[in-house]
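The values are calculated or read from the model by the stated rules, or taken from the named source; none is laboratory data. Everything quoted here is computed from the prediction, not taken from an experiment. Please note: Cβ atoms are built from the backbone with ideal geometry, for glycine as well, and neighbour counts cover all protein chains shown. Heads up: the accessible areas ignore ligands, DNA and RNA and are worked out on the full protein's heavy atoms, side chains in. Shrake-Rupley method; radii C 1.70, N 1.55, O 1.52, S 1.80 Å.
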Amino acid sequence: MMTRRRLIPMLLVVGLTISTLSAPSQGRAQVTAFKQAVAEAASQDADIAAFYRGQGFTGIWTEDSEEHRTRRAALITALRGAASHGLPTARYDHLTLQAKLANARTARDQGLVEVEMTRVFLKYARDVQTGALIPSQIDSGIVREVPSRNRTETLSGFVQAQPASYLRGLAPRTMEYNALMKQKLALEALARNGGWGPVVKSSKLEPGQTGNAVVQLRNRLMKMGYLRRSNAQAFDVTMRAAVQQFQTDHGLEADGVAGPGTLKEINKGIAKRLQSVVVAMERERWFNTDRGDRHILVNLPDFTAKVIDDGRITFQTRSVIGAGSSDRKTPEFSDVMEFMVINPSWYVPRSIVTKEYLPAMQRNAGAASHLIITDRNGRQINRGSVNFNNYNARNFPYSMRQPPSRGNALGLVKFMFPNKYNIYLHDTPAKKLFSREVRAFSHGCVRLNDPFDFAYTLLAKQTDDPEGLFQSKLRGGKEVRVILEQPVPVHIIYRTAFTDARGEVNYRRDIYGRDALIWGALQKAGVALSGVQG
């Protein structure tokens, strides 16, 4: 008769082993019980079930082998570091997982904890790769398609890879993400050491002034890294330069005067800046995809449009974006720019026709006389033959168009990446708006301060004389389409924390309130800031 050795429970956590049986019959029974438990637990998740079915219901975590111990250690280490990514650590609860591992006393227990480890791994992998939240559930204006990964392929890839390296590689491998994480850790360390000190109690400070408020400003700028240690009592040229740099880094007019807007930003606490950074990290995870060697990046809160070539900014211009009302906010999404239209007509969106122009024409048929009224076949309609008071927003049967001209609402060129939101980049005759600090005025499209130079940059890839090509089409006065031989990805993003060309983190105001919504959702999911008081 075969002898039996009792099952010895052993701690199955980082680097430790699991119990085994020596007798062949009992060994087979234990294997069967393990596989049955795995099949049962995995059946609740189709992807996990498919993975284990392909494995013959054998484990990847719970054997007493160097390979499985290495995987367990790597996963627990990654879960312990989830907070550094600004993730909701309670979702992964590595302490409870370790307790389950330690208390796995039977083959069935081991099978159940095997699948639990896989569940936690997949949850963490998804969150750190492509975000802990679903953006479309946060705000209707965030219409970005998140690049979700195939869960079964993620598991298979992990099993075939070096575990710790694979887990480290799940987060976005961008300089931006690394810089944001570094900033998060630095701000948390500052918070633990008292933050930036007392706020500046003044409504305005300018060069030449002295007094307690100037000392408060000096001290706060020193804590923020904008001033070297100093005992200066006056708002001198050094302090003015520091204020200007702060203003530049926060999207303010860099006049060197600490006015109400500047002081409001200077007095924001570390908690607010950390929230921006954590939200930016989540947004970077939503954007964890190939952006194109050449691409266009429009950051809405920064009011800029940039051309990026191989990670380097090769062109940048100021932009005007959608106004803050609910129907005018510019959405966030990615698409591909295919062509530009020189001397464009403006085909007025129906929402503008019915909400703005129809009421005006009901009061005065000659209103908006710069626009042509057309029927459904594009034929021009005589205004005098229409009684506009017979129509409303639902049944108005006409369209409106503004022919090419220097006064055209789209200016002299528009850049098209056809999309269902009817958003594009374009010129504008309203040049004065570009001098404003906050530039949210459009109906949703993005206006460019330097559209011609933007066009030259794009055309430089397909002609030796981009300016000459563009200007020859412009002088013709007729609407003409110029195809981009190499279509360019366009990414409209929303970042209130981002790095500049120096690698320094900049901050912007949450103009649409979207980051506040994301932060609220992250908090609800369990994300917390470390050691922050203000």
Please pull out the direction-averaged projected area of region 228-371, using the convex hull of its alpha-carbon atoms, in nm² to one decimal place. 14.7 nm²
Over region 244-284: Rg over Rh, Cα atoms, Kirkwood Rh: 1.06
Distance in nm between LYS420 and THR96 label points, each 7 Å along Cα→Cβ, equals 3.8 nm
Points 7 angstrom from Cα along the Cβ direction at THR238 and THR463: gap in nanometres? 5.4 nm
Here the net charge surrounding MET239, from other residues whose Cβ is less than 15 Å away from its Cβ (Lys, Arg +1; Asp, Glu -1), is +4
Length gained, ARG105-LEU185, 0.36 nm per residue minus C-alpha separation, equals 24.8 nm
May I ask you to list the residues of region 258-272 whose amide nitrogen lies under 13 Å from a point 7 Å from Cα along the Cα→beta-carbon direction of GLN523? 271-272
Semi-axes a, b, c in Å (a largest) for region 37-119, each sqrt of 5 times a Cα gyration tensor eigenvalue, come to 22, 15, 12
Under a no-solvent Debye model with one identical scatterer per Cα of the chain, what's log10 I(q)/I(0) at q = 0.06 Å⁻¹? -0.44
Give the peptides 371-381, 338-348 in descending order of average Cβ contacts within 10 Å, highest first. 338-348, 371-381
So what are the radius of gyration and Dmax for the Cα set of region 167-299, in Å? 17.6, 55
How many percent of Cα pairs in region 67-166 exceed 18 Å? 53 percent
How much length is gained on full extension from ILE352 to GLU66, taking 0.36 nm per residue of separation minus their Cα-Cα distance? 96.3 nm
Given +1 on the Cβ of Lys and Arg, -1 on the Cβ of Asp and Glu, and no further charges, what dipole in debye does the chain carry about its Cα centre, rounded to the nearest 20? 1080 debye
Which one of ALA525, GLN316, PRO466 has its Cα pushed farthest toward the positive end of the charge dipole of the chain, where Lys and Arg give +1 and Asp and Glu give -1 at the Cβ? ALA525
Quick calc, region 348-435, dipole around Cα centre from Cβ unit charges on Lys, Arg (+) and Asp, Glu (-), nearest 20 debye, gives 60 debye
What are the residues whose amide H is under 5 Å from the amide H of THR499, where those residues sit 5 or more places off or on another chain and H is modelled from the backbone? ASN506
Under a straight-distance cross-link criterion of Cα-Cα below 27 Å, which lysines are reachable from LYS272, leaving out those fewer than 8 residues away in the same chain? LYS182, LYS184, LYS201, LYS204, LYS223, LYS264, LYS306, LYS329, LYS524
Mind ranking GLU153, GLU479 by accessible surface for me, highest first, 1.4 Å probe? GLU153, GLU479
State which helices in the chain qualify, where a helix is a whole DSSP H run, it must extend 15 Å or more along its own axis by its Cα atoms, and its mean Kyte-Doolittle hydropathy must be at least 0.0. 514-525
Label model pair ASN387, LYS432: point-to-point distance (7 angstrom along the Cα→beta-carbon line) in nm is 4.0 nm
What Kirkwood radius, in Å to one decimal, follows from the Cα pairs of region 382-487? 16.4 Å
In Å, the C-alpha Rg and Dmax of region 38-86 are 13.4, 36
Ratio of region 473-534's C-alpha Rg to 2.2 N^0.38 Å, to two decimals? 1.96
Any aspartates and glutamates whose Cα falls less than 16 Å from that of LYS420, other than same-chain ones fewer than 8 residues away, would be GLU145, ASP327, GLU332, ASP335, GLU338
Write down Rg/Rh for region 376-416, rounded to two decimals, with Rg from the C-alpha atoms and Rh from the Kirkwood relation over Cα pairs. 1.07
Charge context of SER530, other residues only, Cβ under 10 angstrom, K/R +1, D/E -1: +1
Using R₀ = 51 Å, calculate the FRET efficiency as 1/(1 + (r/R₀)^6) where r is the Cβ-Cβ separation of ARG192 and GLU40; round to 0.05. 0.65
Region 394-427 to region 90-163: how many Å between their Cα centroids? 46 Å
Average accessible surface area per residue within the chain, 1.4 Å rolling probe, Å²: 48 Å²
